[in-house]
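The values are calculated or read from the model by the stated rules, or taken from the named source; none is laboratory data. Not measured: the values here are computed from a predicted model. A quick note on method: Cβ atoms are made from the backbone with ideal geometry, for glycine too, and the neighbour counts reach across all protein chains shown. All accessible areas refer to the heavy atoms of the entire protein, side chains included, with ligands and DNA or RNA removed. Shrake-Rupley method; radii C 1.70, N 1.55, O 1.52, S 1.80 Å.
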Amino acid sequence: MKKLSLAVIGLYLGILSSFSQTTGSDSGYKSKALTIDEINFVSGYYHQDGNNSAVTGGIGTEKLTDFANTLDLKLSRYSNDYIKHSLALELGIDHYTSASSDKIDPRTISSASMSDTRIYPSATYTRTNEKNGITLGANASFSKEFDYTSLGAGFSFTKSSKDHNEEFTAKTQAYFDTWKVIYPYGVKIPGNNQDQDKGMAGSAPRNSYSLSLSYAQVVSPNLQMMLLFEPNYQKGLLATKYQRVYFTDGSLQSENLPGTRLKIPLGLRVNYFAGDRFLIRTFLRYYQDDWGIKAYTGELELPVKVTSFFSISPFYRYYSQDAIKYFAPYGQHAPGQTYFTSDYDLSKFHSQYFGLNIRTAPPGGVFNIQAIKSVELRFGHYIRSTGLHSNQLTLAIGIL
């Protein structure tokens with residue numbers, strides 16, 4: 001997989017090299033030909049561990065490893081009326097191993113961990129009228145893994161003021177998902193004519209609809225602010241049926257949750273430029289949903305420009321949430337309840353995420369390779385009050 005991604009980058013570099021020999025660079029000229037604006041490659045490694053696996057009812061290993069690669073290509077052209085047309089293409093491939101997935105049916109899985117690969121291409125088109133400051137956009141996406149298939153589509157509208165100090169954006173997004181209904185070993189599958197041995201019970205839909213409204217304002221040369229409101233509504237099978245739930249009488253059932261969920265988040269971003277070398281980025285977010293969660297997020301990032309082409313950015317995020325109404329730990333659900341889960345992602349907890357981002361973008365290109373415009377390396381460590389912890393390392397390469 002890694003060799004394939006590097007080969008694709010090499011192909012794009014070849015295209016870029018041939019293109020640069022035929023295109024002028026007059027800054028006063030609006031090109032009518034399709035040009036390559038950016039090529040970005042991101043590779044990430046993620047590893048977590050803990051002892052609250054939802055597959056085994058809220059106890060057991062949460063060990064998981066994920067290796068992800070994404071490659072995106074951004075192209076643009078101007079039409080005769082000075083309207084900019086942009087196209088962004090992205091291809092992502094994730095491969096993960098999850099030790100807890102072995103426990104879905106221990107009779108048929110004998111390896112040390114269960115693994116799967118997810119492939120997710122997407123495309124986004126935008127049309128920007130530079131005279132009236134209006135940008136219209138549309139996107140489509142696809143995602144596929146062993147038990148899950150997702151189709152996505154969305155639209156966006158952006159209006160900028162004449163002086164570009166104010167900007168309003170509205171986005172809509174919908175995901176139409178289908179996933180296999182897999183019951184864990186030991187749980188009776190409802191209905192007739194089901195394959196009890198394999199734990200399969202057909203497939204079910206899960207659809208998500210979201211609206212994103214944001215307003216950005218340049219308050220002063222040093223201060224920028226943005227308000228965000230991003231409600232989300234889900235409908236379909238929202239429970240993960242291969243996750244077990246144990247009751248106080250010793251009985252066992254598959255997780256069951258309501259078929260709808262409404263999420264209401266509200267956020268505020270504030271960026272302050274404290275001189276030529278220092279930037280303060282902050283983000284505050286409040287969230288609640290109709291399952292009973294209320295959550296608060298606070299983020300702080302402090303980019304420091306060490307030189308004109310090298311910067312470091314320490315960051316910190318604190319998150320706190322209440323539990324949903326249907327959560328209880330292993331063996332603590334009372335019989336007779338309609339909805340129940342022992343998934344600790346839906347429990348009461350607080351978490352911290354902190355780390356460092358390092359970026360270099362020398363004028364002559366990284367390692368004197370002019371086509372490689374920037375390289376970023378980001379490391380983050382996550383700890384949760386339930387005991388879950390993880391490390392994440394990401395490499396981003398900007399080309400062209």
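Points to keep in mind about this one:
- All conditions but one from (1) farther than 16 Å from residue 255 by Cβ; (2) open to solvent by less than 50 Å² (accessible area, probe 1.4 Å); (3) in a loop (DSSP other than H, G, I, E, B) apply to residue 375; the one that does not is (3).
- Applying a threshold of 6 Å to beta carbon distances and a minimum spacing of six or more residues, or different chains, the list of pairs starting in the stretch 375-400 at a residue that is within 27 Å of residue 364 (Cβ to Cβ) and ending at one that is of a type in the set (Phe, Trp, Tyr) and not in a strand (DSSP E or B) is empty.
- Residues that are assigned to a loop (DSSP other than H, G, I, E, B), at pLDDT below 95 and over 30 Å from residue 256 (Cβ atoms) occur at least once in the stretch 344-362.
- Failed condition for residue 316, given (1) among the aromatic types (Phe, Trp, Tyr); (2) out of contact with any Lys or Arg (no Cβ under 8 Å at 6 or more places or on another chain); (3) not in a strand (DSSP E or B): (3)
- Sole exception among (1) open to solvent by 20 Å² or more (accessible area, probe 1.4 Å); (2) modelled with pLDDT under 95; (3) not hydroxyl-bearing (Ser, Thr, Tyr) for residue 228, by number: (2)
- Evaluation of residue 373 against (1) within 22 Å of residue 312 (Cα to Cα); (2) modelled with pLDDT of 95 or more (one fails), failing number: (2)
- Residue in the stretch 118-128 that is within 30 Å of residue 242 (Cβ to Cβ), part of a strand (DSSP E or B) and either small (Gly, Ala, Ser) or out of contact with any strand residue (DSSP E or B) (no Cβ under 7 Å at 6 or more places or on another chain) (or both) present: yes
- Candidates in the stretch 286-297 are the residues that are farther than 19 Å from residue 216 by Cα and assigned to a strand (DSSP E or B); of these, the one that is most open to solvent (accessible area, probe 1.4 Å) is 296.
A quick yes/no check of all residues on (1) open to solvent by 40 Å² or more (accessible area, probe 1.4 Å); (2) basic (Lys, Arg); (3) touching a helix residue (DSSP H, G or I) at 6+ places or on another chain (Cβ under 9 Å); (4) outside any strand (DSSP E or B):
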residue	(1), (2), (3), (4)
209	yes, no, no, no
218	yes, no, no, no
233	yes, no, no, no
241	no, yes, no, yes
250	yes, no, no, yes
270	no, no, no, no
279	no, no, no, no
284	yes, no, no, no
299	yes, no, no, no
